[in-house]
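The values are calculated or read from the model by the stated rules, or taken from the named source; none is laboratory data. Please read all numbers here as calculations on a predicted model, not as lab measurements. Quick reminder, even Gly has a Cβ in these numbers, built from the backbone with ideal geometry, and neighbours come from all protein chains shown.
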Amino acid sequence: MTSPQQLEAIANQLRIHSIAATTAAGSGHVTSCCSAAELVAALFFSQMRFDPKNPQYPNNDRFVMSKGHAAPLLYAAWAEAGLFPVERLMDLRKADSDLEGHPTPRLPFVDVATGSLGQGLSNGVGMAISARIDKYDFRTYVLLGDGECAEGSVWEAVSLAGVRKLNNLVAIIDVNRLGQSQQTAFGHDVETYRKRFEAFGWRAVTVDGHDVQQILEALKTVGEGEQPFCIVAKTIKGKGLEVADKDNWHGKPLPDADATKAIAALRPKAKPAAGVSIAAPTRSRHTRHRQQTFHQSRIRWETKSRRERRTEPRSRESAPRTKRSLHWTAT
């Protein structure tokens, strides 16, 4: 079990990666990454069951970054988990890099493109239903922003999940109060979000999104009862930065001098995740058969050029579950 102190240090390491990558790119949503750092650290390095060297293992727990503009945080988590070298994080938003400003399924750890807000939870509901159909025990975790909760598609997904009693689905709302240009409709009123989810048949709790112990206590209850579960986390946009909780910093990287100062301040409180044990997914003959089938199709897929992969028609039978590039094979 990873201790709360370790997770706090990993969260600050994720912040450092997010700052460095967005400043190097000259673009990106660093404040949106920093508000969710503890949530992502707790999920990846304490709660989720997955094979960090094989993100396509069929029974891995799923993670959907519905607030897709926080992609640098997602990339940092997978790099810290050991899927690829952390040095690649500095390729963020480069023309020849798959580390785009928002996640796309060309990456081996991304199932859903979430550049358009409000779509992640709908996809998460589908994943949770598919787990039941395919008799897998993986869970699906969806990290939403509070701004996207104004989208009607979010509440359609909330309703269906409640009706279907998807207790293998977990929604986490990063309530950092600030949207793109102004405060969100409910600001830091986390009780309103909790009551709305409960009205749709969910079990919901509120936590301090920067208190790792509270996050872990909430995550311990995942899977209890028949209801889907929502964690409403009160957070600070830009947590750990001098611009924390300030307007007009959405989608803006820190200038070089400010980034250097912020990283220097976080460094003593940060630690890489190397050596942290990640819970393994359940393995069975069923999943081994599906994995063998995936590897066979992956070999066929990876012999083609990137241009061929993008343009040729694909079918469920001829392609792996999601579209991948050879250079993202685990290190």
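General observations
- Single residue of the range 174-196 satisfying the filter (in a strand (DSSP E or B) and at pLDDT 95 or above) that is nearest to the chain's Cα centre (by Cα): ASP174
- Filter result for GLY240 (at pLDDT below 75, under 22 Å from the mean Cα position of the chain (by Cα) and outside any strand (DSSP E or B)): no
- Scanning the range 18-59 for residues that are outside any loop (DSSP other than H, G, I, E, B) and more than 15 Å from the chain's Cα centre (by Cα) gives ILE19, ALA20, ALA21, THR22, THR23, ALA24, ALA25, THR31.
- First in the range 187-201 and under 19 Å from GLY162 (Cα atoms), second anywhere and of a type in the set (A, V, I, L, M, F, W, C) and in a helix (DSSP H, G or I), Cβ under 6 Å, 6 or more apart: PHE200/VAL158
- Residue, surrounded by the fewest Cβ atoms within 10 Å (Cβ to Cβ), within the range 135-152, restricted to residues that are over 26 Å from LYS220 (Cβ atoms) and out of contact with any Leu (no Cβ under 8 Å at 6 or more places or on another chain): GLY152
- Taken as a whole, the condition of being surrounded by 16 or more Cβ atoms within 10 Å (Cβ to Cβ), of a type outside the set (D, E, K, R) and outside any helix (DSSP H, G or I) does not apply to LEU121.
- Filter result for ALA199 (at pLDDT below 95, farther than 26 Å from ASN12 by Cα and surrounded by fewer than 19 Cβ atoms within 10 Å (Cβ to Cβ)): no
- Test: residue in the range 252-271 that is hydrophobic (A, V, I, L, M, F, W, C), surrounded by 14 or more Cβ atoms within 10 Å (Cβ to Cβ), more than 18 Å from ALA161 (Cβ to Cβ) and modelled with pLDDT under 95: yes
- Selection count, the range 70-108, where residues are in contact with a strand residue (DSSP E or B) (Cβ under 8 Å, 6 or more places away or on another chain) and either modelled with pLDDT under 95 or assigned to a loop (DSSP other than H, G, I, E, B) (or both): 1
- Applying the condition of being out of contact with any Ser or Thr (no Cβ under 9 Å at 6 or more places or on another chain) and among the hydrophobic types (A, V, I, L, M, F, W, C) to the range 186-214 and asking which residue is farthest from THR2 (Cα to Cα) yields ALA199.
- Restricting the range 272-300 to residues that are of a type in the set (Ser, Thr, Tyr) and under 25 Å from the mean Cα position of the chain (by Cα), the residue that is modelled with the lowest pLDDT: THR287
- Here ALA131 meets the list (1) in a loop (DSSP other than H, G, I, E, B); (2) of a type outside the set (Phe, Trp, Tyr); (3) under 18 Å from ALA171 (Cβ atoms); (4) free of Cβ contacts under 8 Å to residues at least 40 places away in the same chain almost entirely, failing just condition (1).
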